[in-house]
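The values are calculated or read from the model by the stated rules, or taken from the named source; none is laboratory data. For clarity, every value in this text was computed on a predicted model and none was experimentally measured. Counting neighbours? That spans all protein chains shown, and the Cβs are built from the backbone with ideal geometry, glycine included. Keep in mind that these areas ignore ligands, DNA and RNA; they rest on the heavy atoms of the full protein, side chains included. Shrake-Rupley method; radii C 1.70, N 1.55, O 1.52, S 1.80 Å.
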Amino acid sequence: MAGRRLSRSFYRRPAVEVAPDLLGSVLVRVLPDGLRLAGRIVETEAYEPGDPASHAFRGKTQRNAVMFGPPGHLYVYFTYGNHWMSNVVARRVGEPSAVLLRALEPLEGTAEMASFRGRGRPMDLCSGPGKLCQALAIDRRLDGADLVRGPAVWLEEGTPAVPNAIATTGRVGVSVGVEPQWRFLVRSDPFVSRGRPGPPAKVRGWSAPKP
């Protein structure tokens with residue numbers, strides 16, 4: 001059942017605020033044939049300006065340009081040679097900040113998701129950032145997509161996760177900027193990813209920025 005889309009103002013905040021507030025929201029993808037796929041967000045990661053783990057740390061490029069644009073857009077990139085990753089852009093224009101969507105609980109279109117993934121077990125469909133993009137057919141063509149007004153992908157209000165149900169850890173798959181506890185997940189949820197934070201690694205002259 002369709003819900004109300006998240007507003008532009010929802011995203012116009014630091015990623016460390018948007019990331020936990022996205023838990024419980026519903027990511028919707030409408031395929032070209034009109035089929036609706038949807039999943040409840042159960043895991044996110046925040047990336048802020050000045051963050052050495054962020055793609056924007058060394059400045060604006062053609063690849064990361066969406067991160068520097070207006071909030072409420074989708075930033076999609078290719079990594080590890082075979083995975084697409086999807087991020088929600090936060091803050092304001094010129095303040096590169098994004099939230100990586102790490103895991104979903106599948107809700108609608110699960111048969112199509114299973115076909116895209118080549119997997120049938122519900123817990124295997126969207127339990128990781130690359131998996132969820134494959135399951136929902138998200139790729140470079142959706143880079144820059146407007147999540148507030150666009151027709152192909154957006155986020156809807158769901159049932160927010162209560163604060164005491166949210167766990168925080170270091171981020172997964174980064175070798176710098178490991179100290180911040182900017183990975184947010186619904187505690188004990190069976191659909192979260194199996195990723196584990198790496199060991200602490202410090203970057204000289206950098207400390208986690210405050211919202």
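Of all the accessible heavy-atom surface of segment 44-164, with the other protein chains kept in place and a 1.4 Å probe, what percent is carbon and sulfur?
Working: 2740 of 5290 Å².
Ligands and nucleic acids excluded, carbon and sulfur give 52 percent.
I want the local charge near Y77. Using Cβ-Cβ distances under 12 Å, sum +1 for each Lys or Arg and -1 for each Asp or Glu among the other residues. Can you show the working numbers first?
Details: positive: R63, R140; negative: D139, D143.
In short, 0.
Put simply, the amide H of R102, placed in the peptide plane, has neighbours under 5 Å in E43, T44, E45, leaving out anything fewer than 5 places away on its chain.
Would you please state which residues of segment 105-146 a label at F78 would reach in this model, taking the label point 7 Å out along Cα→Cβ and a backbone N cut-off of under 15 Å? Counting only backbone N, you get 134, 138-143. Ranked by the mean number of other Cβ atoms within 10 Å per residue, highest first, peptides 12-18, 176-182, 160-166, 129-135 order as 129-135, 12-18, 176-182, 160-166. Only helical runs count toward this figure. For the chain, summing -39,500 (n - 2.57) over DSSP H runs of n ≥ 4 and dividing by all residues gives -3000 deg cm²/dmol at 222 nm.
In percent, how large is the relative contact order of the chain, given Cα pairs closer than 8 Å and 6 or more residues apart? The partial results should precede the final answer.
Working: 526 pairs, mean separation 55.2, N = 211.
With pairs under 8 Å counted, the relative contact order is 26 percent.
If you add up the charges near G109, with Lys and Arg at +1 and Asp and Glu at -1, over every other residue whose beta carbon is less than 9 angstrom from its beta carbon, what do you get? That sum, taken over residues with Cβ under 9 Å, equals 0. Taking 0.36 nm per residue of separation and subtracting the Cα-Cα distance, full extension of the segment from R119 to T159 would add 11.7 nm. The residues of segment 1-50 expose on average 37 square angstrom of accessible surface per residue, using a 1.4 Å probe on protein heavy atoms.
A simple charge model with +1 on the Cβ of Lys and Arg, -1 on the Cβ of Asp and Glu and nothing else charged puts the dipole of segment 1-101 at about 380 debye relative to its Cα centre. Report the local net charge at R171: Lys and Arg +1, Asp and Glu -1, summed over other residues whose C-beta lies under 10 Å from its C-beta. Surrounding charge for R171 is -1. For segment 15-23, the Karplus equation 6.51 cos²θ - 1.76 cosθ + 1.60, evaluated at θ = phi - 60°, returns couplings of 4, 5, 8, 5, 4, x, 6, 6, 4 Hz by residue, with Gly and Pro reported as x.
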